[in-house]
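The values are calculated or read from the model by the stated rules, or taken from the named source; none is laboratory data. Fair warning: this is a prediction, and the values are worked out from it, not measured in the lab. Positions of Cβ are backbone-derived with ideal geometry, glycine not excepted, and every protein chain shown enters the neighbour counts. Just the protein is used for accessible areas: all its heavy atoms, side chains included, with ligands, DNA and RNA removed. Shrake-Rupley method; radii C 1.70, N 1.55, O 1.52, S 1.80 Å.
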Amino acid sequence: MPTDFDILVIGAGQAGLSAGYHLRRLGLRPEVDFLVVDHAPGPGGAWQFRWPSLTLSTVNRVHDLPGMSFAETLPPGSESAQAATAVPHYYELYEKRFDLRVRRQVSVGVVCDRTEDGLRCDGRGTVLNAETDTAGTIRVRGLINGTGTWERPFIPRYRGQENFAGRQLHTRDYHTAEEFAGKHVVIVGGGISAVQLLDEISKVTTTTWVTRTEPVFRDAEFTDEAGRAAVALVEDRVRNGLPPGSVVSVTGLRWDDRLRAADARGALRRQPMFDHVEPDGVRWADGTFQRADVILWATGFRSALDHLAPLRLRGPGGGITMTGRLATQVAVDPRIHLIGYGPSASTIGANRAGRAAAVELTEYLGIGDRG
């Protein structure tokens, strides 16, 4: 396996596979002109790690990758299939059909510049060195980063948290609601995953739902226009160097039959954020106390970009200023595209971002259309 390529794609989730597909369409050859690496043991991106109760009937939507529909990989009556099985199967077939030759298990620990006078992590060279755990050092001219967020679960800090005598876990560690039967569960978070898990857990035990801000529910169908408006707001943030916000904070939570049933059970009686954690529960600033056996932090994720820290892409406020047609190109270093970041964090956004990154990076490097 050679170690020098024009382009390295890090991550073989929705965004990374889309980028690989479009690099091939532009005439680049996998394992010759570009290389796709992924840290996971098999295809599927973050989908392979999702909780068992997330089925194709409960997941919001699995968007098609370019050139191959998800539906054609599903047998009849597959609505009850686990997303953690069905989506990786789709990705595996996709990788084979388009011969993307994803290299596994390869974790990129750090990316640095190589300049004429040697390896540097504080300047702009002509070659990027990607240091990996199993494939040595990969030298490339450009980078498409699609590492997503799954590897960086976010848990906010609250006083007394470390003294809680019960169990604390993040969405990433959730498996089934049955493991919480007979225990009181405090669920923290106002996103889509939070309400999905709240719905499941509240069917088998008592729950308290806590959010930092008042959740916004909507009755109307989520239209393409609403989606574009939400993405535009997030895109505006990253173009101005601000950390990307949550899309759901713009779109709100859509009422469906499951949420209406949860509301009828009283599960959606939201409480404001507590002040601190005590060994046997949580307490609000007004003295109100809720005993708890479990705190489930459904508090989202952050972009997994630590391996790019030596390149100093972030601005003073912690955000990365993005440019390019779909805000995938890093403004201070056009050799680097971030896909699955900011406005391209959704699966449909990741598809479009993969194409934009492939086209813009090959144009910048003066390659492509090699036939």
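Filter region 144-181 for residues that are surrounded by 15 or more Cβ atoms within 10 Å (Cβ to Cβ), farther than 26 Å from ASP275 by Cβ and small (Gly, Ala, Ser) and give the result. Answer for region 144-181, where residues must be surrounded by 15 or more Cβ atoms within 10 Å (Cβ to Cβ), farther than 26 Å from ASP275 by Cβ and small (Gly, Ala, Ser): GLY146, GLY148, ALA177. With respect to the stated conditions, ILE348 is assigned to a helix (DSSP H, G or I) and either at pLDDT below 95 or open to solvent by less than 30 Å² (accessible area, probe 1.4 Å) (or both). A search for C-beta distances below 7 Å between a residue of region 22-42 that is open to solvent by 50 Å² or more (accessible area, probe 1.4 Å) and any residue that is of a type in the set (D, E, K, R), counting only pairs 6+ apart in sequence or on different chains, returns GLU31/ARG101; PRO41/ARG104. In summary, ARG50 fulfils each of the numbered conditions (1) crowded, with 19+ Cβ neighbours inside 10 Å; (2) under 18 Å from the mean Cα position of the chain (by Cα); (3) within 19 Å of VAL108 (Cα to Cα) with the single exception of condition (3).
Residue-wise test of (1) surrounded by 15 or more Cβ atoms within 10 Å (Cβ to Cβ); (2) within 21 Å of the chain's Cα centre (by Cα); (3) assigned to a loop (DSSP other than H, G, I, E, B); (4) modelled with pLDDT under 95.
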position: GLY190; (1), (2), (3), (4): yes, yes, yes, yes
position: VAL195; (1), (2), (3), (4): yes, yes, no, yes
position: VAL210; (1), (2), (3), (4): yes, no, no, no
position: PHE222; (1), (2), (3), (4): no, yes, yes, yes
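Tallying residues that are in contact (Cβ under 8 Å) with a residue 60 or more places away in the chain and surrounded by fewer than 16 Cβ atoms within 10 Å (Cβ to Cβ) within region 276-285 yields 3. Take ALA135 and decide whether it is open to solvent by less than 30 Å² (accessible area, probe 1.4 Å) and within 24 Å of the chain's Cα centre (by Cα). Answer is no for this residue.
Applying the condition of being within 19 Å of GLY245 (Cβ to Cβ) and of a type in the set (Lys, Arg) to region 300-340 and asking which residue is surrounded by the fewest Cβ atoms within 10 Å (Cβ to Cβ) yields ARG302.
Every listed requirement among (1) among the basic types (Lys, Arg); (2) at pLDDT 95 or above; (3) touching a helix residue (DSSP H, G or I) at 6+ places or on another chain (Cβ under 7 Å) is met by ARG50 save one, (2).
Among residues of region 127-162 being closer than 28 Å to GLY245 by Cα and among the small types (Gly, Ala, Ser), the one that is modelled with the lowest pLDDT is GLY148. Evaluate the following for GLY319: is it more than 18 Å from the chain's Cα centre (by Cα) and outside any helix (DSSP H, G or I)? No; evaluated as a whole, the condition is false for this residue.
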